[in-house]
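Worksheet for the structure shown next.
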Amino acid sequence: MKQRTPVSTIMTRDVITLNLNDNMELAEKIFESRKIRHIPIVNGKMVVGMLSHTDLMRISFSDLNQEENEINSVVYDLFTIEQIMAKSIISVTSDTTIKEVAQILAEHEFHAVPVVDNGALVGIVTSTDLIKFLLEQF
């Protein structure tokens, strides 16, 4: 296994983002349609938070049957993305090693970290990306 492999080799470069003024219903549609679990929240090019599918599930009734979609819409109108997102995030640069990213995820119990170069979001790396990388080593 290469010791100094940069995270840029495994990160997702085509990152789906939301803005602070987007709504929770849009977030749910993106999570469901794109089959992702984390969305960086940006203000311009700067990452200001991270919204996870788990965050959304905490405020919704989506584990109930389809008839409850109207309730979800009402609940989503009660919250903003800024209220629900994680604000204390740690980002890494594209030249951060995969090992360093793995240590950050393990120590902080995160499942995704934004990759930021020169103040702009350039990617995202998730625990799934790390697992896939590890599997390729065997």
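The values are calculated or read from the model by the stated rules, or taken from the named source; none is laboratory data. Since the structure is predicted, the reported quantities are computational estimates derived from the model, not experimental observations. Positions of Cβ are backbone-derived with ideal geometry, glycine not excepted, and every protein chain shown enters the neighbour counts.
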Open item on the list: Looking at ILE89, ILE98 in this structure, which one is modelled with pLDDT under 95, of a type outside the set (Phe, Trp, Tyr) and buried (at least 17 other Cβ atoms within 10 Å of the Cβ)?
Closed with: ILE89
TODO: Starting from the range 19-31, take each residue that is farther than 14 Å from GLU82 by Cβ and list its partners that are among the polar types (S, T, N, Q) and assigned to a helix (DSSP H, G or I), counting only C-beta distances under 7 angstrom and pairs at least six apart or across chains.
DONE: GLU25/SER73
- [ ] Please give the number of the condition ILE71 fails out of (1) out of contact with any Pro (no Cβ under 8 Å at 6 or more places or on another chain); (2) of a type in the set (Val, Ile, Thr); (3) modelled with pLDDT of 95 or more.
- [x] (3)
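Would you mention how many residues in the range 92-138 are assigned to a loop (DSSP other than H, G, I, E, B) and farther than 17 Å from ARG37 by Cα?
Taking the range 92-138 first, the residues assigned to a loop (DSSP other than H, G, I, E, B) are 93-96, 109-111, 118-119, 137-138.
Checking the rest, the ones that are also farther than 17 Å from ARG37 by Cα come to 93-96, 118-119, 137-138.
Counting residues in the range 92-138 that are assigned to a loop (DSSP other than H, G, I, E, B) and farther than 17 Å from ARG37 by Cα gives 8.
Please determine, by comparing only the residues of the range 23-48 that are under 12 Å from LEU121 (Cβ atoms) and not hydrophobic (A, V, I, L, M, F, W, C), which one is modelled with the highest pLDDT.
Our first condition is that a residue be under 12 Å from LEU121 (Cβ atoms); within the range 23-48, this holds for 39-48.
Retained after the next criterion (residues that are not hydrophobic (A, V, I, L, M, F, W, C)): 40, 43-45.
Values: PRO40: 98, ASN43: 92, GLY44: 87, LYS45: 84.
Restricting to residues being under 12 Å from LEU121 (Cβ atoms) and not hydrophobic (A, V, I, L, M, F, W, C), the top hit is PRO40.
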